[in-house]
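J.: Provided herewith is a single structure, encoded as structure tokens, for subsequent inquiry.
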Amino acid sequence: VQDIWIDCDPGHDDAFALLLAGQTPEINVLGVSTVYGNSSLDHTCQNACRFLTAIHRTDIPVYKGASHPLLVPTLYAPNIHGESGLDGTNLLPKAAMKPREGKAIEAMAKAILSCQPDTCTLVPTGALTNIALLFAVYPEVAAHVKEVVIMGGAMTTGNVTSGAEFNIYCDPHAAQMVLNNPILVGKIVLVPLELTHTAIATPEVLKRMGTPRTPFRTMLVELATFFADTYARVFNVTSGPPMHDVCCIAYVLRPDSFETKLMRVDVVTAASEPSVIGRTVCHVWGQSDLVKNVKVAMKMDVEVFWEMVLDAVERADNR
Ligand code: BDR
Ligand code: CA
């Protein structure tokens, strides 16, 4: 069983990531920390508590992390995830749990340090503010981490600006602190947009997800449909929404169903041209002499991915 900690900003795809992690017996979720991003910190934290209630995992401790990035102004994504960060359904239950008292990074450090060296996997699916702070304040945590599997970045084109993907753009300085941290070399896996745009929740997938038509499955389909509509409207992606964050959990579960490439990756934090700020510069062809610091996920077996997700849906629905 793989111990993991999830740092997220639910968020439709973050919610599905919680579902896959929380309803797969091979994964033990030590805790969930939340960060601003898709909506305000209050909203993303509340969404995490409500969604964990929906999947019968109120036993997982939830913490409130950073409400703002390190240096840049705060950005939300109501155009993609709605004002609440998780719009689109009335079937989401009220939270039957509260966030725990105390600082998120302190709880993360405690939980990860209690794991054997090189064993715990950290999964950030939002801005990297909490993660940058964690390793700055508690560098000793790195020795207990097996991998940091980040949803973020792009090798080619971003989704906020031409250069930048949302999670990295939210806090580029935090992202560069994480990717550039020498104590994490060899441990960082980046799951970029090119990969997550193969995890499309097509109408066929949603049909399987919504059958039989239980209230729980209906709620999931309503959430995914809202997400599909915003992707169609904003990006003209009409095949269905990409389940970005879920790909990280899939990697934790079945790394053998992924192809990765080790390369130098840096984050642009200053530029004369604003649209490249937050860009993850990926030296795909080894163009840099600097140490290769990041394993980039290049390909995944999409069939295996949906099998895992739909199995988790079934387990959650049967509880
Ligand atoms: C990322 O941005 C957020 O809106 C999603 O939850 C995902 O983590 C994709 O760029
Ligand atoms: Ca997210």
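J.: More than 15 Å from ligand 1 (Cβ to nearest atom), modelled with pLDDT of 95 or more and under 17 Å from the mean Cα position of the chain (by Cα): does that describe residue 134?
T.: Taking the combined requirement at face value, the residue satisfies it.
J.: Checking the conditions here, which among 102, 65, 85 is away from ligand 2 (no atom under 16 Å from the Cβ) and either at pLDDT 95 or above or β-branched (Val, Ile, Thr) (or both)? Show your work before the answer.
T.: Working: 65 fails: away from ligand 2 (no atom under 16 Å from the Cβ); 85 fails: away from ligand 2 (no atom under 16 Å from the Cβ).
Result: 102 is the single residue among 102, 65, 85 that is away from ligand 2 (no atom under 16 Å from the Cβ) and either at pLDDT 95 or above or β-branched (Val, Ile, Thr) (or both).
J.: Going through 140, 147, 165 one at a time, which residue ends up being surrounded by fewer than 19 Cβ atoms within 10 Å (Cβ to Cβ) and not polar (S, T, N, Q)? Break it down into steps so the answer makes sense when it comes.
T.: Details: 147 fails: surrounded by fewer than 19 Cβ atoms within 10 Å (Cβ to Cβ); 165 fails: surrounded by fewer than 19 Cβ atoms within 10 Å (Cβ to Cβ).
Step by step, each of 140, 147, 165 is checked, and only 140 is surrounded by fewer than 19 Cβ atoms within 10 Å (Cβ to Cβ) and not polar (S, T, N, Q).
J.: Report whether or not residue 281 is outside any loop (DSSP other than H, G, I, E, B) and within 16 Å of ligand 2 (Cβ to nearest atom).
T.: Working: outside any loop (DSSP other than H, G, I, E, B): yes; within 16 Å of ligand 2 (Cβ to nearest atom): no.
In short, no.
J.: Oh, and also: Please verify whether segment 8-29 includes one or more residues that are within 13 Å of ligand 2 (Cβ to nearest atom) and among the β-branched types (Val, Ile, Thr). Talk me through it step by step, then tell me what you get.
T.: So the first thing to find is which residues in segment 8-29 are within 13 Å of ligand 2 (Cβ to nearest atom), and the list is 8-18.
Restricting the remaining residues to those that are among the β-branched types (Val, Ile, Thr) gives none.
No: zero hits.
J.: From the list 266, 245, 317, 311, which residue is among the charged types (D, E, K, R), within 30 Å of residue 216 (Cα to Cα), in contact (Cβ under 8 Å) with a residue 40 or more places away in the chain and in contact with a strand residue (DSSP E or B) (Cβ under 8 Å, 6 or more places away or on another chain)? Talk me through it step by step, then tell me what you get.
T.: On the way: 266 fails: within 30 Å of residue 216 (Cα to Cα); 317 fails: in contact with a strand residue (DSSP E or B) (Cβ under 8 Å, 6 or more places away or on another chain); 311 fails: in contact with a strand residue (DSSP E or B) (Cβ under 8 Å, 6 or more places away or on another chain).
None of the other options fit; the residue is 245.
J.: For segment 128-173, how many residues are part of a helix (DSSP H, G or I), farther than 17 Å from residue 32 by Cβ and not hydrophobic (A, V, I, L, M, F, W, C)?
T.: 6
J.: Related question: Can you name every residue in segment 68-117 that is among the small types (Gly, Ala, Ser) and surrounded by 15 or more Cβ atoms within 10 Å (Cβ to Cβ)? Show your work before the answer.
T.: Filtering segment 68-117 down to residues among the small types (Gly, Ala, Ser) leaves 77, 82, 84-85, 88, 95-96, 102, 104, 107, 109, 111, 114.
Selection gives 77, 82, 84, 85, 88, 95, 104, 107, 109, 111.
J.: Out of (1) under 30 Å from residue 274 (Cβ atoms); (2) out of contact with any Cys (no Cβ under 8 Å at 6 or more places or on another chain), the odd one out for residue 37 is which?
T.: It fails just one condition, (2).
J.: Filter segment 150-193 down to the residues that are within 14 Å of ligand 1 (Cβ to nearest atom) and of a type in the set (Val, Ile, Thr) and list them by number.
T.: Hits for segment 150-193 are 150, 156, 157, 160, 161, 168, 191.
J.: Within segment 44-54, identify whether any single residue is of a type in the set (S, T, N, Q) and part of a loop (DSSP other than H, G, I, E, B), and answer yes or no.
T.: no
J.: Also: Out of the residues in segment 1-30 that are part of a helix (DSSP H, G or I) and either on the phi > 0 side of the Ramachandran plot or touching a His at 6+ places or on another chain (Cβ under 9 Å) (or both), which is surrounded by the fewest Cβ atoms within 10 Å (Cβ to Cβ)?
T.: Out of the qualifying residues, it is 22.
The values are calculated or read from the model by the stated rules, or taken from the named source; none is laboratory data. For clarity, every value in this text was computed on a predicted model and none was experimentally measured. Every residue, glycine among them, receives a Cβ derived from its backbone with ideal geometry; neighbour counts consider all protein chains shown.
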